[in-house]
Amino acid sequence: LHLPLRRRRFLPPVRCLQKSQPSLLRHLTSKLKATGPITVAEYMREVLTNPVAGYYVRNNMLGPDGDFITSPEISQIFGELLGVWIISEWMGAGRPKQLQLVELGPGKGSLASDVLRVFSQLRSVLGETSVSLHLVEVSPALSLIQAQNLTRDCSQEAVSEDELVYRRGTTAAGLPVFWYRRLDDVPAGFSICVAHEFFDALPIHKFQRTQKGWREVMVDIDPDKPDKLRFVVAPSPTMASSTLIQADERRDHVEVCAEGGSVVQQLSRRITEDGGAALIADYGHDGTKTDTFRSFKGHQLHDVLSNPGSADLTADVDFSYLRRKAGGGVACLGPVSQRTFLKNMGIDTRMQVNISIRSKTIYSQDMFVSRVFYLESQRTTFLYTASGDLRRKNHRLKSAISAEKVYKVSDLVFN
């Protein structure tokens, strides 16, 4: 079985694994002995975000010394083109006096940094607009790295854990930056939201069609190996299997990310009430795939139930589900391949500029181009914007995709 690498991955330090992994496994087995089998969603939530030993909470998993590398870590061009798209959406919305850039799961802050660089270059276009950056991040370790990359020493942590903003700072250009644990805590206002490789890490429910109907796949202790975990099928319907499966579903195995649907509903509500747009870029499909739940460790596929907390867990995003959850208050477009989106945003023009100043570029053109083509069949981009005057709004959205007008903006940035 050949699966393209989701990201470039590296093995975490052995010392860290030896110290923390048994505690998380013991926690899970104790929980299973007390409550019985748990859902895959609950298992993922514990493994990735457990406040003591969760993978995202305790690890710096990004970069050559971590477990994976994402597009913004490969080249600044990805973030620059998103910056152009954000400016285009803001202009198309009538240049609101307030612009909140909201990023879900901002990694090391590289993407936000690249976008803000474009904002600085287009300061004359933004004029007196009040621009602010709002980061939704659950990892304390990553929030520190983001603060260092975005604000240097100009950030401070909240005194009380009850404060909605748990960290705040200021960039070198004077833009305010705020950190939150939940999207709901981000203040209302015109916002452009970006979620890059965020939804694929949200917990999923797994369901299997049986002769008795749909049953949920659960995680339990292996009776033959008490220190190991295994998958089991629930003997009777669960609340999730009774409510999350579409009546006309034809697949025999389905994964549903209810939490992802909730996040999309929050985004849709914000856009409907305050205006704005959102872009979701992730590995995914349009309601066609079945079993995509997997784990990666050291460049290799890894048993999702082995050594919980030592490796990344992920599942492809079902964009058809997100589209249904978005509702009728927003206009949806996509998914389209990320390659198509970036080409229509002017990446070829940007690459020509990159060639002319190659000596100033960290990564060579050949390296980045190979990454673009690799992403073509694996990562999709899904974006939506507020409805209202749908003819005008849809034209604005389509023009951003077709790059009919963003070239005018990109000329200011890249030429």
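Here are the numbers:
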read-out: Verdict on Asp348 being outside the structural domain of Leu229 (by the TED database) and free of Cβ contacts under 8 Å to residues at least 24 places away in the same chain; value: yes
read-out: Residue in region 96-111 that is more than 16 Å from the chain's Cα centre (by Cα), free of Cβ contacts under 8 Å to residues at least 40 places away in the same chain and open to solvent by 30 Å² or more (accessible area, probe 1.4 Å) present; value: yes
read-out: Condition check for Thr29: touching a helix residue (DSSP H, G or I) at 6+ places or on another chain (Cβ under 7 Å), closer than 14 Å to Gly309 by Cα and at pLDDT 60 or above; value: no
read-out: Residue among Ser295, Ser262, Ser268 that is outside any helix (DSSP H, G or I) and among the hydroxyl-bearing types (Ser, Thr, Tyr); value: Ser295
read-out: Single residue of region 307-323 satisfying the filter (among the hydroxyl-bearing types (Ser, Thr, Tyr) and touching a residue at least 40 places away in the same chain (Cβ under 8 Å)) that is nearest to Asp200 (Cα to Cα); value: Thr314
read-out: Odd one out for Leu267 among (1) aliphatic (A, V, I, L, M); (2) in contact with an Asp or Glu (Cβ under 8 Å, 6 or more places away or on another chain); (3) within 17 Å of Val186 (Cα to Cα); value: (2)
read-out: Flag if Leu229 is open to solvent by less than 40 Å² (accessible area, probe 1.4 Å) and within 30 Å of Gly328 (Cβ to Cβ); value: no
read-out: Qualifying position, being in the same structural domain as Ala315 (by the TED database), over 21 Å from Arg270 (Cα atoms) and among the aliphatic types (A, V, I, L, M), among Ala173, Ala188, Ala195; value: Ala173
read-out: Test: residue in region 156-166 that is small (Gly, Ala, Ser) and closer than 18 Å to Ser113 by Cα; value: no
read-out: Members of region 168-190 found to be part of a strand (DSSP E or B) and either among the hydrophobic types (A, V, I, L, M, F, W, C) or within 17 Å of the chain's Cα centre (by Cα) (or both), listed by number; value: Val177, Phe178, Trp179, Tyr180
read-out: Leading residue by the ranking (most open to solvent (accessible area, probe 1.4 Å)) among those in region 232-259 that are of a type in the set (Gly, Ala, Ser) and assigned to a helix (DSSP H, G or I); value: Ser242
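Yes/no matrix, rows are residues, columns are (1) small (Gly, Ala, Ser); (2) within 16 Å of Leu111 (Cα to Cα); (3) crowded, with 21+ Cβ neighbours inside 10 Å:
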{"position": "Val177", "(1), (2), (3)": "no, yes, yes"}
{"position": "Arg181", "(1), (2), (3)": "no, no, no"}
{"position": "Asp184", "(1), (2), (3)": "no, no, no"}
{"position": "Pro187", "(1), (2), (3)": "no, no, no"}
{"position": "Val194", "(1), (2), (3)": "no, yes, yes"}
{"position": "Leu202", "(1), (2), (3)": "no, no, yes"}
{"position": "Gln211", "(1), (2), (3)": "no, no, no"}
{"position": "Arg215", "(1), (2), (3)": "no, no, no"}
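The values are calculated or read from the model by the stated rules, or taken from the named source; none is laboratory data. For clarity, every value in this text was computed on a predicted model and none was experimentally measured. Using ideal geometry, Cβ is built from the backbone for each residue, glycine included, and neighbour counts are taken over all protein chains shown. Heads up: the accessible areas ignore ligands, DNA and RNA and are worked out on the full protein's heavy atoms, side chains in. Shrake-Rupley method; radii C 1.70, N 1.55, O 1.52, S 1.80 Å.
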